[in-house]
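The values are calculated or read from the model by the stated rules, or taken from the named source; none is laboratory data. What you are looking at is a predicted structure, and each value in this text was computed from that prediction instead of being measured. We place every Cβ from the backbone using ideal geometry, glycine too, and count neighbours over all the protein chains shown.
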Amino acid sequence: MSRLCLIAILSVLIANSAYAQQNSVDTLYTGLNKATSFTFGNDAIYIVETGAHRILKLGIDGKLIEKYGKRGSSDYQFDNPVDIATTNGLKLFVSDKGNNRIQVFDKRWQYLSSIKANEQFQTGSEITPTYLGVNKFGEVIFYNDGSGSLGKYNEDGAILDQIPLPDEVKEVSGLQVIDGSIFILDKKSELVHKISENGFYESFYEAKGTHSFFYRDNDIYVAKNNVIEKLGPLTKKTILSFEKKSEISDIYVVENKIYILTSHALIRIIEE
């Protein structure tokens, strides 16, 4: 990426920000092609680069280790991948939306299997997987854009359940599975819904203008057009404010480090 482009990205994120003076902000990787999501596993960062129909593997320091895949329908190939999830870094699941499947790989990126409607759901209709999450048992839950419901299966690809969405959920724009609950970003209702893995409604968080979120230890981090906020049960804290609008694709929190993914760059904020 050109120096001018890098300067532009950094200025969007940190210029004229009072919070940038308190928090360390580092650009780990740039030049991404329509990146949509990322995850951590096996001491690496995996980024879904939708525009290039591939997955990038980075070191924790942001250095590129490997590129996986290209556009196609064979094993190891993708067509508009959307999301990636991992079971403690041992298995990686990629929602290969354009190919109506979820591809499963081990930690060495060896292909294991593909989850498809005809094989796993025993129906005539194809699945359209988008957002993924993995629970503590290694069971994967995904949003099926075609049916408007959630699918749940185990590590071996056997279907466990199809979970209908509560009436309160109007749109699924992001998903996280943690502590026995499913968190769903609903941009239409401007809420993050919390439901059980059986589909029962539990609670919600206000999420006006939110593009992505991350839940951890009763706090929820939300990324909006011009600010990243940390919302607790009784608190609200601004982590970083932006000079201009910058739509963030995904956000992930590890200890005191907040990683944010834009369409073109991966950035790390160290929260003081």
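Worth pointing out:
Residue-wise test of (1) of a type in the set (A, V, I, L, M, F, W, C); (2) buried (at least 23 other Cβ atoms within 10 Å of the Cβ); (3) at pLDDT 95 or above.
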position	(1), (2), (3)
83	no, yes, yes
94	yes, yes, yes
101	no, yes, no
106	no, no, no
113	no, no, no
117	yes, no, no
136	no, no, no
140	yes, yes, no
145	no, no, no
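- In segment 189-208, of all residues being outside any loop (DSSP other than H, G, I, E, B) and among the acidic types (Asp, Glu), the one that is farthest from the chain's Cα centre (by Cα) corresponds to 202.
- Only a single item in (1) closer than 30 Å to residue 238 by Cβ; (2) surrounded by fewer than 18 Cβ atoms within 10 Å (Cβ to Cβ); (3) of a type in the set (D, E, K, R); (4) modelled with pLDDT of 95 or more is not met by residue 70, and it is number (1).
- Residue in segment 173-188 that is among the basic types (Lys, Arg), closer than 26 Å to residue 59 by Cα and surrounded by 15 or more Cβ atoms within 10 Å (Cβ to Cβ) present: no
- Pick from segment 244-257, criterion free of Cβ contacts under 8 Å to residues at least 40 places away in the same chain and not in a loop (DSSP other than H, G, I, E, B), ranking: nearest to residue 34 (Cα to Cα): 248
- Pick from segment 209-231, criterion of a type in the set (S, T, N, Q) and surrounded by fewer than 14 Cβ atoms within 10 Å (Cβ to Cβ), ranking: farthest from the chain's Cα centre (by Cα): 218
- Options 234, 261; residue that is loosely packed, with under 14 Cβ neighbours inside 10 Å and either outside any strand (DSSP E or B) or not charged (D, E, K, R) (or both): 234
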